[in-house]
Amino acid sequence: MKEIVIKKPELLAPAGDLERLKIALLYGADAVYIGGSVFGLRANAANFTLKEIKKGVTYAHSLGKKVYVTVNIVLHNKEAKELLDYLKALDKIGVDAIIVSDPAIIKVAKDNTNLEIHLSTQQSTLNYEAVEFWKKQGVSRIVLARETTKKEIEDIINKVDIEIETFIHGAMCSSISGRCVLSNFLTARDSNRGGCSQVCRWDFKLLSENLKPIEGEKDFTFCTKDLSMLTHIKEMIDMGISSFKIEGRMRSIYYIATVVGVYRKAIDKYYNSNENYEYNEKYEKMLRECANRDSVPQFFNNINDETCQYYNGRMEVSNQDFLGVVLEYDDELKLATIEQRNYFKKGDLVEFFGPNNDIIEYQIDKILDIDNNLIDVVRHPRQIVKIKIDKKLYKNDMMKKLK
Amino acid sequence: MTKIIATLKTKEKNLELLKYIDAVIIGIDGYSINLPFNYNVDEIEEAISFFNLHNKEVFVFLNKNFRNDELDDLKYILNRLDNLNINGIVYYDIAIVNLKEKLGLNIELIWGQEHMTTNSYTINYWYEYGVKYTLISSEITLDEVLEIKNNTNSKLIVQLFGYIPMFNSLRHVVKNYKRQFKLIDESKINYIEKEDKIYPIIDNKDGTVVYSSNIINAIEESMIMNENNIDYILLNSFNIEAEKFIEVCKLFKNVDKNNVSEYNIRIKEMFNNTDKGFLYKETIYKVKE
């Protein structure tokens, strides 16, 4: 059994575009994972051109942080032809690793580039024998299957000397990752090439073997609650997991700021003063409010029963809590310039949060428009206004509705 | 000559079926998923001997995802199978590749990561690793199958008849639904319905599997497979009545250019939900540029 040295885990965040990349890093992510315009598993996210990847890498490296690029599609022959040039370009840009599920891509990368390789969760790696195999192939990190339990993760870390990455927050596949082509069959969109249409969130009628309806109060669905590991952060750090991954390359900047910010604070608080660490329910509330979906630890505790399923319909309510982003703060005039994201008005109770502040609660009093006229409501998307507030705010702080 | 592999419906020693097939895929309880039935560990030697006696090739599905605490059992079964006369093991979990090397086994492996076996480059990656067979993904086109054949030495297995597994989960989604809403139903197989299509769904101790709504029937394409030296075609008996399945095997065995239209019609008459799967249907994956 190897000796486990507990290092501070990396906090790894998703970024669907450059704006989200910057927000994720500003709010405390140590690294981000992004998709290029080809070979990634989120074909419908905005994704990055090579030029944008370069910008993102330059920005991240200027902060001493990292960028990983997903190259995790399952290849078909016709796509493979472009692969070599793409990997060489990523290598030249200096991305910190690629995330891969198809071993042919591992081989091309090993033979032709110096790229570090992480194995995607699409390989659904669930045991130490498989981890050992991939290590021998030159993979430096394994993103474990989402179904691994705490005990299994511990055993893998004890038996194989390799970086282990696990998910800590976000949506879950209902299937074993990689073993689902519902999307292919029901919508002709290839789930293993980035086209997943989330059929597992649809409602179906369940029938008996005699084709008689079996009807509950809600329709049948595969849909699962989201994952949230906030209550287990302490254990996960002690286990020696190398990287904590947040799911959601298609999520908003508000979601990314909230989730990254909360986990950053939780990790820092435990790691820096583990004797005095206390679980913070306020953080849990923030996570719950920003996602609008129930979340549970799922397989980590070896639980995959009905309490992990989500029967409340496919559509999540659009999040109206996110009111605006701080663009700048004038220390002398005590004025915060805000870009609106949802309707708000004079008298509203709001919270500001950001990487440099604890949560600031505030009742909106004076609002000025761009010409410095007093106004009562801010109803136009992306409208720029100023708010009088004595407490100092910072660029990229978020303003949300106080509940 | 392309060989015919069939999955088995029961442990019944069916000599009639053996007349029309060259090989069988068998499963072992606790190790195999997505099959109509599995033998228990104590039955496999006798079953394999039976197929050996009739000169049928035997492939064993060890295609579940294994947890750490199942690895000792996996080593046991691999060692045991290594001493039996089988043609290969179809694997999903990469642990099997690692264990074959560590245990020094001579057994042949078949790369069977069902939806990932989509290109010749990855097939050749595994081939160089000693994996000489591939169970080809059912989600690629006929042209892609033939292109792969032209670019690999791996022996290929292509499913041309039957329901196709399209979802595997370690969750018990049917059981969970019934428990959540306190529903009583003892069905061994259920169906889910959407937009007038029904999909078989099975929730057992290994988790949940969902099958395609339609039965792939590519008897016409079986001749193209033969012309292009595809090594095996797979006929899946899941959810097909035993007699009809034998009839299907017989038609695939005897099909030629003179009778193919007639045989195709006969299969369509037997089943009202056949299609060609993805053989002529390319999937989209980039919806917007």
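The values are calculated or read from the model by the stated rules, or taken from the named source; none is laboratory data. These figures come from a predicted structure and were not determined experimentally. Note that we place each Cβ from the backbone using ideal geometry, even for glycine, and neighbour counts take in every protein chain shown.
Among the numbered criteria (1) without any contact (Cβ under 8 Å) to a residue 40 or more places away in the chain; (2) within 11 Å of chain A (Cβ to nearest Cβ); (3) surrounded by 19 or more Cβ atoms within 10 Å (Cβ to Cβ), which single criterion is violated by B:V145?
Status for B:V145: all satisfied but (1).
On the basis of being in contact with a strand residue (DSSP E or B) (Cβ under 7 Å, 6 or more places away or on another chain), assigned to a loop (DSSP other than H, G, I, E, B) and of a type in the set (A, V, I, L, M), does B:I267 make the cut?
No; evaluated as a whole, the condition is false for this residue.
Kindly provide the set of residues from segment B:121-142 that are under 20 Å from the mean Cα position of the chain (by Cα), surrounded by fewer than 23 Cβ atoms within 10 Å (Cβ to Cβ) and among the polar types (S, T, N, Q), ordered by number.
B:T141
Among the residues of segment A:243-264, is any more than 27 Å from A:L323 (Cα to Cα) and under 16 Å from the mean Cα position of the chain (by Cα)?
Checked against the condition, which is being more than 27 Å from A:L323 (Cα to Cα) and under 16 Å from the mean Cα position of the chain (by Cα), segment A:243-264 yields at least one hit.
With respect to A:T148, determine if the residue is in the same structural domain as A:Y68 (by TED's automatic domain parsing), in contact (Cβ under 8 Å) with a residue 60 or more places away in the chain, β-branched (V, I, T) and crowded, with 21+ Cβ neighbours inside 10 Å.
yes
How many residues does segment A:169-190 hold that are more than 15 Å from B:T208 (Cα to Cα) and within 19 Å of the chain's Cα centre (by Cα)?
4
Picking from B:N272, B:N229, which residue would you name as being out of contact with any strand residue (DSSP E or B) (no Cβ under 7 Å at 6 or more places or on another chain) and touching a residue at least 12 places away in the same chain (Cβ under 8 Å)?
B:N229
May I ask you to verify whether A:Y263 is assigned to a helix (DSSP H, G or I), farther than 18 Å from B:H172 by Cα and touching a Cys at 6+ places or on another chain (Cβ under 7 Å)? Walk me through it before giving the result.
Working: assigned to a helix (DSSP H, G or I): yes; farther than 18 Å from B:H172 by Cα: yes; touching a Cys at 6+ places or on another chain (Cβ under 7 Å): no.
When the stated conditions are applied, A:Y263 does not pass them.
Out of segment B:193-210, which residues are touching a residue at least 40 places away in the same chain (Cβ under 8 Å) and surrounded by 21 or more Cβ atoms within 10 Å (Cβ to Cβ)? Outline the logic, then answer.
Going through segment B:193-210, the residues touching a residue at least 40 places away in the same chain (Cβ under 8 Å) turn out to be B:206-210.
Within segment B:193-210, B:G207, B:T208, B:V209, B:V210 qualify.
Can you confirm whether segment B:177-186 contains a residue that is buried (at least 19 other Cβ atoms within 10 Å of the Cβ) and outside the structural domain of B:K64 (by TED's automatic domain parsing)?
From segment B:177-186, those buried (at least 19 other Cβ atoms within 10 Å of the Cβ) are B:177-178; that's our starting set.
With outside the structural domain of B:K64 (by TED's automatic domain parsing) added as a condition, the list becomes B:177-178.
Yes: segment B:177-186 contains one or more residues that are buried (at least 19 other Cβ atoms within 10 Å of the Cβ) and outside the structural domain of B:K64 (by TED's automatic domain parsing).
Criterion first (part of a helix (DSSP H, G or I), within 8 Å of chain A (Cβ to nearest Cβ) and under 24 Å from A:A109 (Cα atoms)) does B:T122 satisfy it?
So B:T122 fits the description; yes.
Considering only residues that are closer than 21 Å to A:G35 by Cα and assigned to a loop (DSSP other than H, G, I, E, B), look in segment A:161-178 and name the one that is farthest from the other protein chains (Cβ to nearest Cβ).
A:A171
Under 20 Å from A:L75 (Cβ atoms) and within 10 Å of chain B (Cβ to nearest Cβ): does that describe A:N184?
It is true that A:N184 is under 20 Å from A:L75 (Cβ atoms) and within 10 Å of chain B (Cβ to nearest Cβ).
Could you look through segment A:269-284, keep only residues that are in contact (Cβ under 8 Å) with a residue 24 or more places away in the chain and in a helix (DSSP H, G or I), and pick out the one that is nearest to A:L26 (Cα to Cα)?
Per the criteria, the residue is A:Y283.
Take the residues in segment B:96-112 that are of a type outside the set (G, A, S) and over 22 Å from the mean Cα position of the chain (by Cα), then tell me which one is nearest to the other protein chains (Cβ to nearest Cβ).
B:N98
Of A:I98, A:I53, which residue is touching a His at 6+ places or on another chain (Cβ under 9 Å) and surrounded by 20 or more Cβ atoms within 10 Å (Cβ to Cβ)?
That would be A:I98, the only listed residue that is touching a His at 6+ places or on another chain (Cβ under 9 Å) and surrounded by 20 or more Cβ atoms within 10 Å (Cβ to Cβ).
Taking strands (runs of 3 or more DSSP E) that fall entirely within segment B:1-117, which contain at least 1 residues that are among the aromatic types (F, W, Y)?
On the way: elements: B:3-7, B:23-27, B:57-62, B:88-91, B:109-111.
By residue number, B:57-62, B:88-91, B:109-111.
Please name all residue pairs, on different chains or six or more residues apart, with Cβ atoms under 6 Å, provided the first residue is in segment A:113-131 and is more than 9 Å from chain B (Cβ to nearest Cβ) and the second residue is of a type in the set (F, W, Y) and not in a loop (DSSP other than H, G, I, E, B).
Within 6 Å, the pairs are A:L119/A:W134.
Hand me the list of helices (runs of 4 or more DSSP H) wholly inside segment A:73-145 holding 3 or more residues that are farther than 28 Å from B:S138 by Cβ and modelled with pLDDT of 95 or more.
Helices (runs of 4 or more DSSP H) meeting the threshold: A:83-93, A:103-112, A:128-136.
Count, please, the residues in segment A:132-147 that happen to be under 24 Å from the mean Cα position of the chain (by Cα), facing chain B (nearest Cβ under 8 Å) and not acidic (D, E).
1
(1) among the basic types (K, R); (2) more than 24 Å from B:Q159 (Cα to Cα); (3) buried (at least 16 other Cβ atoms within 10 Å of the Cβ): which one isn't true of B:K9, the others all being true?
For B:K9, the exception is condition (2).
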